[in-house]
């Protein structure tokens with residue numbers, strides 16, 4: 001949203017007929033200082049709905065902590081890409097954190113539009129690959145297509161041979177660490 005609109009999340013009293021849960025809605029309003037707003041929007045959890053208005057400060061706090069990937073994860077990935085003696089400045093980590101989060105939102109938004117046009121509710125791996133190709137990231141999409149195929153092979157093997165006492169995430173972790 002580079003048109004000067006500022007995203008805000010409001011929990012709507014829109015109850016699902018089956019579960020009775022409350023679903024959030026997103027709206028955009030003009031930014032007070034006319035500045036550009038990010039294209040990503042945080043979604044309020046369904047159980048946080050209330051009748052009172054959400055203040056601008058609450059929206060800012062919510063968005064700041066939930067819009068970006070955790071800095072520790074970004075830092076760990078960055079450190080793995082440089083020599084052990086290299087240091088990474090805090091502002092560099094924060095910049096990459098914001099860029100990566102925005103990139104994920106950009107790709108996900110395009111994939112979500114495809115799902116919406118096809119009247120589906122779940123974004124799949126192919127939707128992400130389609131979005132990347134559509135947005136000009138063909139080189140990355142080809143590499144990810146290979147990784148997606150490998151992931152599906154690992155999952156098929158995991159479900160076929162893994163014991164019932166082990167959780168799915170533990171099996172995935174073991175397979176990923178032994179496959180590398």
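FYI, it's all coordinate maths here, none of it is from the lab. These numbers were taken from a predicted model, which means no experiment stands behind them. Cβ coordinates were reconstructed from backbone atoms using ideal geometry, including for glycine residues, and neighbour counts include every protein chain displayed.
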- Using the 10 angstrom Cβ neighbour count as an exposure proxy, how do 93, 119 rank, fewest first? 119, 93
- Query: Can you put 130, 140 in order, fewest other beta carbons within 10 Å first?
  - Reply: 140, 130
- Return the Rg/Rh value of the range 68-136, two decimal places, where both radii are evaluated on C-alpha atoms and Rh is the Kirkwood radius. 1.14
- Query: Under a point spin-label approximation (7 Å from Cα along Cα-to-Cβ), what is the residue 156-residue 55 distance to one decimal in nm?
  - Reply: 5.6 nm
- Query: According to a simple spin-label model (label point 7 Å from Cα along Cα-to-Cβ), what is the distance in nm between residue 149 and residue 122?
  - Reply: 2.3 nm
- Message: I need to check one value: relative contact order of the range 68-136, counting alpha carbon pairs closer than 8 Å and at least 6 residues apart, in percent.
- Response: 30 percent
- Note on the structure: Cβ density ranking, 10 Å radius, fewest first, applied to 121, 145 yields 121, 145
